[in-house]
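To keep things clear, I will list the structure first and then write my remarks on it.
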Amino acid sequence: MRPFDGRRILLGVTGGIASYKSAWLARLLTQAGARVDVVLTRSAREFIGSITFEALTGRPVHTVLIGDGHALDHLRLVREADLMIVAPATADFLARAAHGHADELLSACLLACEAPVLMVPAMNDRMWANPAVQANVATLRKRGHTMLEPATGPLASPDEGSGPGRMQEPEVIVAHAGRLLEPKGALAGRRVLVTAGPTREPIDPVRYLSNHSTGKMGVALAAAAWRRGAEVAVVHGPLSVALPEGICATAVETTQEMADAVRTELASADVLVMAAAPADFRPAKVAGAKIKKRGKPEPLALDETADILLGTRDARRAGTVVVGFALETDDLVAHARTKLEAKGLQLIVANSAREAGAGFGADTNRVTLIAADGGVEELPLQPKTVVADAILDRVERLLGASAGAA
Ligand code: CTP
């Protein structure tokens with residue numbers, strides 16, 4: 001099953017140099033399973049040909065508003081679309097869209113479109129900053145279109161590009177398309193705080209205590225929550241994987257720093273998912289200078305670090321859904337249940353530190369979900385992305401229940 005199987009996307013391309021990236025976008029959307037219908041404006045065809053898109057999508061490309069056999073194309077195309085994307089959207093297209101023009105197939109489609117619309121502007125940075133463009137962008141936003149802010153980076157002209165203007169990368173556009181296509185559940189519009197990765201406790205300026213966590217599970221959870229329409233904050237230690245699109249990230253080093261950041265973010269969170277593996281111990285003394293080899297090292301005295309989850313018990317808002325993890329080597333369910341109760345959780349995700357293909361570093365995980373109401377569900381070994389969705393399905397149910405109870 002691919003993420004966009006069964007989805008129909010209308011991709012409008014207007015006449016900007018960034019249209020060369022739209023071919024890759026069409027490819028990515030098609031590969032993800034979507035049926036992609038491409039509409040090119042007259043000026044887009046000065047930059048890129050229909051045949052490129054026809055070959056990439058396996059479908060005819062549309063360019064004509066008024067012509068024999070095309071009388072109702074604009075209505076048919078939007079009726080059959082689950083999502084409309086305009087990438088790149090030039091300054092001129094934004095102006096015509098803001099004023100409701102319908103002199104080309106693409107602008108006529110936009111007027112008739114009832115599906116969500118994702119606009120991906122691309123232009124020179126000074127053009128983007130111009131108040132006329134910004135006023136058109138504000139008008140289109142007010143009408144409910146999702147506007148992807150352009151990125152800052154090299155533009156076509158080598159001496160330009162100190163401000164935003166560059167079209168977002170196709171992979172980023174695909175992520176936003178996924179978010180708009182996702183059916184809206186209880187997480188839409190809610191604030192979700194996820195912690196991810198290990199923390200590090202310094203021994204001296206060059207050494208630290210840590211663990212094997214890579215952050216994959218937390219990152220998968222953050223990506224899935226954002227796709228479901230949540231506003232997502234991630235507090236993370238050093239990660240071995242890239243942070244997903246759309247989230248607000250706070251990087252920390254030690255368990256105490258993670259505890260402080262979690263407390264700050266928790267004030268506005270509806271959900272906390274504590275997927276991080278904070279270091280449980282820290283050196284009792286941090287050496288100010290590198291500890292030198294002298295034949296036999298001094299024993300390292302350790303203190304326990306703060307338990308972050310436990311410490312949030314008095315800082316949670318009423319109705320906040322709190323999910324913890326438990327990594328165990330034995331008596332999985334019994335130990336996890338003790339942690340669930342001690343830390344005041346609605347759900348705990350237990351996994352075994354002994355099983356190959358599960359836990360730290362793996363792309364897959366086998367977890368048992370234990371709810372505060374006593375329910376125990378064993379899930380099969382599956383990709384962490386699928387595990388993330390299974391956890392969030394339970395979180396949505398808990399959110400629905402707490403909204404019902406309020
Ligand atoms: N956790 C936490 N603060 C810590 C350590 C862990 O908030 N200092 C969180 C983890 O993110 C996880 C849950 O508590 O959600 C359980 O973590 P785990 O390492 O399984 O258990 P610990 O509470 O550390 O207990 P133990 O190491 O004795 O098993």
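No other residue among A220, A279, A306, A259 is assigned by TED's automatic domain parsing to the domain that holds P198, under 19 Å from G359 (Cβ atoms) and within 12 Å of the ligand (Cβ to nearest atom) apart from A279.
From the list R76, R59, the lone residue that is of a type in the set (K, R) and either outside the structural domain of Q168 (by TED's automatic domain parsing) or in contact (Cβ under 8 Å) with a residue 12 or more places away in the chain (or both) is R59. One residue stands out among those in segment 356-398 that are in a loop (DSSP other than H, G, I, E, B) and among the hydrophobic types (A, V, I, L, M, F, W, C): the one that is surrounded by the fewest Cβ atoms within 10 Å (Cβ to Cβ), which is A356. Take A242 and decide whether it is out of contact with any Leu (no Cβ under 6 Å at 6 or more places or on another chain) and outside the structural domain of E304 (by TED's automatic domain parsing). It is false that A242 is out of contact with any Leu (no Cβ under 6 Å at 6 or more places or on another chain) and outside the structural domain of E304 (by TED's automatic domain parsing). Applying the set (1) open to solvent by less than 40 Å² (accessible area, probe 1.4 Å); (2) part of a loop (DSSP other than H, G, I, E, B); (3) within 16 Å of the ligand (Cβ to nearest atom) to G229 leaves exactly one unmet item: (3). Checked against (1) under 25 Å from F360 (Cα atoms); (2) more than 16 Å from the ligand (Cβ to nearest atom); (3) at pLDDT 95 or above; (4) open to solvent by 60 Å² or more (accessible area, probe 1.4 Å), E245 passes all but a single condition, namely (3). Checking each residue in segment 256-305 for being within 26 Å of the chain's Cα centre (by Cα) and free of Cβ contacts under 8 Å to residues at least 24 places away in the same chain picks out D260, T264. Look at (1) open to solvent by 10 Å² or more (accessible area, probe 1.4 Å); (2) touching a helix residue (DSSP H, G or I) at 6+ places or on another chain (Cβ under 6 Å); (3) within 15 Å of the ligand (Cβ to nearest atom); (4) under 23 Å from A186 (Cα atoms) and you find that K343 fails only one, number (4).
The values are calculated or read from the model by the stated rules, or taken from the named source; none is laboratory data. Quick caveat: nothing in here was measured; it's all calculated off a predicted structure. Glycine also receives a Cβ, built like all others from the backbone with ideal geometry; neighbour counts cover every protein chain displayed. Protein only, heavy atoms only, side chains kept; ligands, DNA and RNA dropped before computing areas. Shrake-Rupley method; radii C 1.70, N 1.55, O 1.52, S 1.80 Å.
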